[in-house]
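Structure first, commentary second.
The values are calculated or read from the model by the stated rules, or taken from the named source; none is laboratory data. Since this is a predicted model, take the numbers as computed values, not measurements. Here the Cβ is made from the backbone with ideal geometry for all residues, glycine too, and neighbour counts use every protein chain on show. Surface areas here come from the heavy atoms of the whole protein model, side chains and all, with no ligands, DNA or RNA. Shrake-Rupley method; radii C 1.70, N 1.55, O 1.52, S 1.80 Å.
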Amino acid sequence: MQAIARGIVAALEARRQALTATVVSRSRGLPCEPGAKVLVVEGEVRAGGLGWERLQRRVLADAPAVLAKGEPQVLTYTFEAGEGDDVPRSGTVEVFVEVYSPPPTLLIVGAGHIAVPLAQVGKLMDFEVVVVDDRASFANRERFPTADEVVVGDYEQVLDGFPVGPQTYIVLVTRAHTWDVVSLRRVIRRPAAYIGMIGSRRRVFAVFKLLHDEGVPLEDIARVHAPIGLDIETETPAEIAISIAAEIIKVRRGGGAPSLSDHVRERYLRALQKGERDIA
């Protein structure tokens with residue numbers, strides 16, 4: 001149990017989801033014992049065990065769906081005598097699974113004028129806020145006193161080393177087209193809950209075309225919310241930040257408010273399929 005507890009703490013500190021599975025009941029004669037427990041992180045057993053490899057394989061197969069749901073539940077597994085040498089008789093096993101999730105992370109790439117109010121709003125939403133920029137004059141505690149972490153460094157190196165998972169919400173608000181490409185290239189195929197990128201329609205399409213020409217599939221490009229934010233006619237940096245935060249809430253909670261990207265996503269994808277060089 002101590003090893004499992006330490007493993008849960010380590011996973012959360014690394015911004016990873018963890019899952020524990022505990023046998024709570026089993027039919028007489030099946031080779032597992034109530035109370036057997038296993039810790040699963042990133043699809044791998046990190047501590048403990050269920051004492052029956054066949055059962056453990058089935059729990060591991062169900063782990064992604066359990067993590068996606070994010071709620072404790074009881075899973076029932078049925079076994080038939082003769083399906084393997086290790087199944088002495090037919091019966092069922094009930095397994096209680098519990099998910100441990102880190103707080104959602106708002107990763108703001110770029111520390112310009114929109115990032116400042118966005119970091120403040122992110123904390124009001126109870127996100128862990130991380131701000132990244134390659135300029136110490138922008139990425140510092142004076143500008144971002146409420147952020148949990150302010151990182152100064154090369155965009156590629158920082159993003160390559162950042163643990164991106166289903167609880168990560170990424171906002172790209174860099175200072176130039178070049179850094180948009182660099183940053184999006186590093187995260188577009190990773191399992192973030194949300195990726196949004198600021199920019200005009202033509203600038204966004206230019207980034208998408210470059211990445212598509214490099215081999216990024218259309219389905220990955222379609223995940224990106226760009227132009228970023230909800231369609232609420234914003235003007236000031238604070239208004240834009242609120243629009244971005246509202247879109248993140250929409251994605252997280254399943255709302256139906258229209259996003260700016262909803263108006264152009266299909267046009268982008270059709271233009272990329274046709275090999276067009278620009279978009280009106």
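Only residues that are exposed (fewer than 12 other Cβ atoms within 10 Å of the Cβ) and over 17 Å from Val224 (Cα atoms) were counted across segment 257-277, and they come to 3.
For segment 207-224, does any single residue satisfy the condition of being assigned to a strand (DSSP E or B) and within 26 Å of Asp278 (Cα to Cα)? So far as segment 207-224 goes, yes, one or more of its residues are assigned to a strand (DSSP E or B) and within 26 Å of Asp278 (Cα to Cα). Scanning segment 23-55 for residues that are open to solvent by 20 Å² or more (accessible area, probe 1.4 Å) and β-branched (Val, Ile, Thr) returns Val24, Val45.
If only one of Val93, Val66, Val74, Val97 is farther than 28 Å from Arg253 by Cα and in contact (Cβ under 8 Å) with a residue 40 or more places away in the chain, which one is it? Answer to the check: Val93. Cβ-Cβ distances below 8 Å connect the following pairs, each with a first residue in segment 1-30 that is more than 29 Å from Gly161 (Cα to Cα), a second residue that is assigned to a loop (DSSP other than H, G, I, E, B) and of a type in the set (S, T, N, Q), and a separation of six or more residues or different chains: Ser27/Ser90.
For Arg253, the test of being under 19 Å from the mean Cα position of the chain (by Cα) and closer than 23 Å to Pro64 by Cα is passed. Total residues in segment 78-103 satisfying the condition of being at pLDDT 95 or above and open to solvent by less than 60 Å² (accessible area, probe 1.4 Å): the figure is 8.
Table: residues versus (1) over 27 Å from Val116 (Cα atoms); (2) among the hydrophobic types (A, V, I, L, M, F, W, C); (3) open to solvent by 40 Å² or more (accessible area, probe 1.4 Å).
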residue	(1), (2), (3)
Gly199	no, no, no
Val207	no, yes, no
Gly215	yes, no, yes
Asp220	yes, no, no
Arg223	no, no, yes
Ala226	no, yes, no
Gly229	no, no, no
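Every residue in segment 118-163 that is open to solvent by less than 10 Å² (accessible area, probe 1.4 Å) and not small (Gly, Ala, Ser), please. Passing the criteria: Leu118, Phe127, Val129, Val130, Val131, Val132, Asp133, Phe144, Tyr155, Leu159.
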